[in-house]
Amino acid sequence: MSSPDEVKSGDRPAAGATRPGGIAARIGGRLADWAGDRRGTLVAVFTLAMLIVAAWALMRLASETSYAAIVGALRATEPWRVAVAVLLTVASFGLLTLYDLNAFASIGKPQPWRRIAPGAVAAYAVAQTAGFGPLSGGAVRLRYYTPLGVTPADIARVVVFVVAAFGLGLTLTAAAGGLVAAPHLAAVLGVRTATVGVVAAAVLAAALVLIAGAGRGFVVPGTGGRRFELPGRMLMIRQLAVTALDTAAAGGVLWVLLPAHTVSYAAFLPIYAVALALGILSHVPAGLGVFEAVMLAALSGLAPPAEILAAFALYRLIYQVLPLAVAAAGLALAEGRALAAHGPTAAALKAVAGLAPPVLATMALVLGTMLVFSGVTPAQPDDLDWLGSFLPLHVIEGAHFLASVLGALLLISARGLAFRADGAWWAAMVAACAALVLSLLKAVAVYEAAALALFAAALFVARGAFDRRSALFGLRLTPPWIAAVAVVLVSAFVILRFVFDHAEFGAESWLRFELSAEAPRGQRALFGASLFACLFALWSLLRPVRDAGVPLTDADLERAIAIIAAQPVAGANLVRMGDKRLLLSTDGRAFVMYGRQGNSWIALYDPVGPVDAWEGLIWRFVETARNAGCRAAFYQVAPERLAIYADAGLRFFKLGEQARVDLSSFELTGKARASQRNVLSRGAREGLAVELVEPAAVPPLLDALEAVSDAWLRERGGVEKGFSLGAFDRAYVASQRVAVMRMSDEIVAFATLMAGSGREETAIDLMRHVEAIPNVGMEFLFLRICEMLKDEGWHWFDLGMAPLSGFSESEAAPAWHRVGRAIYEQGVFSYNFKGLRGFKSKLQPEWRPRYLAIAGGANPALVLLDATRLIARSARDGREG
């Protein structure tokens with residue numbers, strides 16, 4: 001809405017205005033923009049590179065053992081070790097919930113443990129297994145905590161606290177273990193004992209310095225004087241203790257599964273912490289391969305490699321797969337319950353149920369991986385002989401091959417499950433049920449069948465959560481998802497080569513069909529899964545680009561205006577400018593208005609229409625933009641429904657704050673309003689008067705209004721804007737109410753007013769005035785509008801957004817906040833952000849945050865630049881484009 005030209009900073013650049021840099025700076029900036037815009041692809045390439053390096057190292061380290069030895073070690077594991085590992089897993093996840101508990105305390109909004117525990121458990125179960133895109137812990141928390149009344153800004157601060165606490169605690173745990181067991185650790189790492197002791201002591205000393213400075217601020221050298229604020233001492237000590245205990249419990253899960261006397265627990269813990277950190281930094285989902293390679297390198301020579309690798313397999317199963325399975329079952333049951341309760345209980349049930357899609361999507365990734373890995377490993381000979389006694393060979397071979405292909409299908413459908421697509425639900429359900437039968441036919445794989453049965457049951461119970469109409473083959477895979485599937489296939493190839501180390505690989509071997517021919521069977525299974533995944537990925541990436549966006553037609557505009565008439569949001573009337581395109585929901589009840597600039601499709605505001613139509617429409621807009629080879633974004637969205645955007649894989653960046661005056665409580669009485677009463681008195685003495693003109697009475701005034709507008713533009717040397725701003729178009733101005741201010745019967749200022757339905761909200765749009773008006777003229781106009789709208793019974797008066805305002809002042813805030821705050825404080829050429837907020841603040845409005853929501857790994861700076869260019873284009877340019 002009409003904000004950018006309301007308050008000017010003068011003809012000279014404001015302090016802090018940017019100046020052109022040198023050639024090196026410009027080249028560096030362009031490279032940064034290029035890399036930022038391709039962040040997803042670059043991360044995917046890095047992930048695969050890290051996996052290949054780790055796989056190569058792992059194969060070399062494991063070259064002295066065999067698959068049969070690993071299976072033997074698994075079977076020889078004592079049951080009590082497994083039981084202790086399960087108990088330590090329960091303890092670790094219980095401690096993980098305290099991260100979120102302390103995080104809420106750190107931001108001054110403590111929550112009861114029972115309210116946050118389910119969301120925290122689900123977030124950690126998902127993040128440690130998948131850890132990317134819409135399956136991240138932050139997205140899960142947003143989905144769970146928002147229905148409980150927690151704001152997106154608070155959730156972002158919680159995530160920052162959790163990440164910082166985990167990283168710091170992991171470092172300190174490793175240092176403490178290194179100090180206690182320096183000789184043992186030095187022997188494992190092959191370094192001097194003194195070196196381990198000095199490094200560990202230095203890290204612990206730094207920790208003591210941090211604790212001593214708790215609750216205070218400090219400046220870090222080399223950061224340009226940036227000041228950081230630390231949490232209170234008790235909270236910091238409590239969180240460090242929680243992280244240490246959690247790391248100790250999680251590490252204990254693996255340690256108890258290792259052969260006895262492999263390494264002391266004190267020496268093991270720092271090795272585990274380093275391997276865990278490197279696995280996270282590699283960006284490989286679950287650190288698969290990287291974690292194992294680091295641990296095996298550190299423990300090599302201390303125990304038989306087969307027993308170490310068997311411990312790794314059990315650790316993955318107990319600490320990652322088991323919690324995910326429990327979470328999937330619990331959340332699906334919550335989804336299936338009738339939410340008949342009221343108040344906080346109903347909100348909690350709704351929040352828990354909403355976590356089903358990301359958790360089941362992660363479960364699909366795990367089960368797809370299981371089926372692919374199962375396809376490249378040999379079955380038990382006794383089971384095969386028993387099957388061969390009554391099943392034809394071609395049935396067993398076909399079941400083995402198809403089960404692996406279905407595993408690839410589960411990997412691909414996981415993305416659609418995360419986005420609640422019904423097509424992906426059907427694909428996953430069919431794949432799970434078919435694979436369940438095939439797993440029994442190929443090798444009597446009872447445990448596989450049980451896991452698939454649990455997954456299918458959870459999908460069935462949670463059917464209502466997958467309500468977005470979408471065909472599976474209509475999905476376009478993104479680079480991170482393709483990399484995740486590639487990670488599984490590359491890992492399967494490594495397993496195949498390791499398991500059948502002495503087998504021949506070639507066309508002759510590949511075509512052998514015998515009951516005992518396990519290696520050819522594994523080759524065919526991997527080939528089938530890889531071929532299916534590669535064809536799907538190629539189709540997703542190379543299929544013809546379809547540009548579904550078409551210029552606005554008169555019929556579309558009429559339909560949009562009809563939808564607006566039933567909606568309370570006044571800003572939706574900007575569609576009347578005709579400079580934006582429309583994407584209508586499939587049922588025609590809602591629409592998204594958007595503009596295209598460069599590679600960005602930018603929607604203005606939230607979708608317009610009933611809230612129950614938003615989810616499918618947001619999803620469709622994101623996919624349509626992606627199918628056209630572009631990035632999707634939503635400009636100026638409200639915080640109440642951010643969880644819906646998170647479901648579609650969008651990220652959020654604060655843009656500023658919207659000012660709204662609550663007219664139901666607007667009064668000019670009392671000491672605090674004395675200055676405004678003086679403005680009204682002075683304006684009346686100057687001969688100012690305001691009237692609200694209905695649309696039918698506007699046409700006779702258009703010549704006078706246009707003269708005021710033209711004079712206003714000439715004075716500022718400006719041109720009309722577009723997209724999120726109205727422009728003086730005679731048809732547009734005549735379609736709405738206009739607040740006209742006269743002085744001695746001459747029109748000296750006006751403002752167009754957009755109205756929502758039911759007298760819920762009126763929003764300011766165009767504001768133009770001549771130069772020869774009193775200093776109090778515009779404030780007088782706003783005050784009189786408030787008075788008249790209040791008399792008519794309107795609830796809200798929307799003053800528009802104050803860009804870049806309301807950003808965190810903390811030096812620990814994200815970089816986006818720090819940059820925005822600096823621009824807000826200093827301004828840029830011809831734009832005074834701080835003055836704009838100050839002007840609107842005179843009416844004592846309520847301030848609500850507004851966000852930029854962008855898809856995938858798009859660079860927010862580039863999207864914001866495209867939005868700025870859209871706004872700078874005139875309405876006529878927009879219609880022509």
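The values are calculated or read from the model by the stated rules, or taken from the named source; none is laboratory data. Remember, predicted model here, so these are calculated numbers, not experimental data. So basically every Cβ, Gly included, is an ideal-geometry build from the backbone, and we count neighbours across all protein chains shown. Calculation scope for accessible area: heavy atoms of the full protein, side chains included, ligands and nucleic acids excluded. Shrake-Rupley method; radii C 1.70, N 1.55, O 1.52, S 1.80 Å.
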Exercise. What are the residues in region 598-613 that are crowded, with 21+ Cβ neighbours inside 10 Å and farther than 29 Å from residue 464 by Cα, if any?
Worked result: 600, 601, 602, 604
Exercise. Do any residues in region 558-585 that are in contact (Cβ under 8 Å) with a residue 12 or more places away in the chain and in a helix (DSSP H, G or I) have Cβ atoms under 9 Å from those of residues that are surrounded by fewer than 23 Cβ atoms within 10 Å (Cβ to Cβ) and aromatic (Phe, Trp, Tyr), where the two are at least six apart or on different chains, and which pairs are they?
Worked result: 570/796; 571/605; 572/605; 574/605; 576/732; 577/732
For this session: Take residue 480 and decide whether it is of a type outside the set (Gly, Ala, Ser), open to solvent by 30 Å² or more (accessible area, probe 1.4 Å) and touching a residue at least 12 places away in the same chain (Cβ under 8 Å).
Result: yes
Exercise. How do the pairs read when you match residues in region 860-881 that are open to solvent by 80 Å² or more (accessible area, probe 1.4 Å) with residues anywhere that are at pLDDT below 75 and of a type outside the set (A, V, I, L, M), using Cβ under 8 Å and keeping only pairs 6 or more apart or on different chains?
Worked result: 879/551
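Condition check ((1) β-branched (Val, Ile, Thr); (2) modelled with pLDDT of 80 or more) across all residues:
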residue: 575; (1), (2): yes, yes
residue: 590; (1), (2): no, yes
residue: 624; (1), (2): yes, yes
residue: 633; (1), (2): no, yes
residue: 648; (1), (2): no, no
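Which one of these is surrounded by fewer than 13 Cβ atoms within 10 Å (Cβ to Cβ) and out of contact with any Gly (no Cβ under 7 Å at 6 or more places or on another chain): 711, 674, 704, 697? Can you show your working first?
Numbers: 711 fails: surrounded by fewer than 13 Cβ atoms within 10 Å (Cβ to Cβ); 704 fails: surrounded by fewer than 13 Cβ atoms within 10 Å (Cβ to Cβ); 697 fails: surrounded by fewer than 13 Cβ atoms within 10 Å (Cβ to Cβ).
Within the list 711, 674, 704, 697, the selection yields 674.
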Seminar exercise, completed: Taking region 830-881 and keeping residues at pLDDT 65 or above, assigned to a helix (DSSP H, G or I) and either under 23 Å from the mean Cα position of the chain (by Cα) or among the acidic types (Asp, Glu) (or both) leaves 860, 861, 862, 863, 864, 865, 866, 867
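Looking at residue 88, is it touching a Gly at 6+ places or on another chain (Cβ under 9 Å) and open to solvent by less than 40 Å² (accessible area, probe 1.4 Å)? Don't jump to the end; show me each part of the working.
Details: touching a Gly at 6+ places or on another chain (Cβ under 9 Å): yes; open to solvent by less than 40 Å² (accessible area, probe 1.4 Å): no.
Here the answer is no, as residue 88 does not meet what is asked.
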Exercise. Got at least one residue in region 391-411 being assigned to a helix (DSSP H, G or I), of a type in the set (A, V, I, L, M, F, W, C), open to solvent by 40 Å² or more (accessible area, probe 1.4 Å) and closer than 17 Å to residue 366 by Cα?
Worked result: no
Seminar exercise, completed: Residue pairs qualifying under the 8 Å Cβ cut-off, at least six apart or on distinct chains, with the first in region 699-727 being farther than 18 Å from residue 753 by Cα and modelled with pLDDT under 80 and the second being open to solvent by less than 40 Å² (accessible area, probe 1.4 Å) and of a type outside the set (S, T, N, Q), are 716/5; 718/5; 719/713
For this session: Identify all residues within region 716-759 that are of a type outside the set (Gly, Ala, Ser), farther than 18 Å from residue 699 by Cα and not in a loop (DSSP other than H, G, I, E, B); write none if there are none.
Result: 716, 743, 759
Problem set entry | Hey, residue 688 of a type outside the set (S, T, N, Q), open to solvent by less than 20 Å² (accessible area, probe 1.4 Å), touching a residue at least 60 places away in the same chain (Cβ under 8 Å) and over 16 Å from residue 787 (Cα atoms) or not | no
Exercise. In this structure, does residue 363 turn out to be out of contact with any Asp or Glu (no Cβ under 6 Å at 6 or more places or on another chain), modelled with pLDDT of 85 or more and either closer than 20 Å to residue 528 by Cα or not in a helix (DSSP H, G or I) (or both)?
Worked result: no
Exercise. Which ones in region 614-638 are open to solvent by 10 Å² or more (accessible area, probe 1.4 Å) and touching a Ser or Thr at 6+ places or on another chain (Cβ under 6 Å)?
Worked result: 631
Problem set entry | region 91-114, residues that are surrounded by fewer than 21 Cβ atoms within 10 Å (Cβ to Cβ) and among the charged types (D, E, K, R) | 109, 114
Problem set entry | Per-region count, region 368-390, residues within 27 Å of residue 478 (Cβ to Cβ) and open to solvent by 30 Å² or more (accessible area, probe 1.4 Å) | 2
For this session: Say whether the condition of being basic (Lys, Arg), open to solvent by less than 20 Å² (accessible area, probe 1.4 Å) and over 22 Å from residue 538 (Cβ atoms) is met by at least one residue in region 444-467.
Result: no
For this session: For region 653-673, indicate whether the set of residues that are charged (D, E, K, R), modelled with pLDDT of 85 or more and in contact with a Phe, Trp or Tyr (Cβ under 7 Å, 6 or more places away or on another chain) is non-empty.
Result: yes
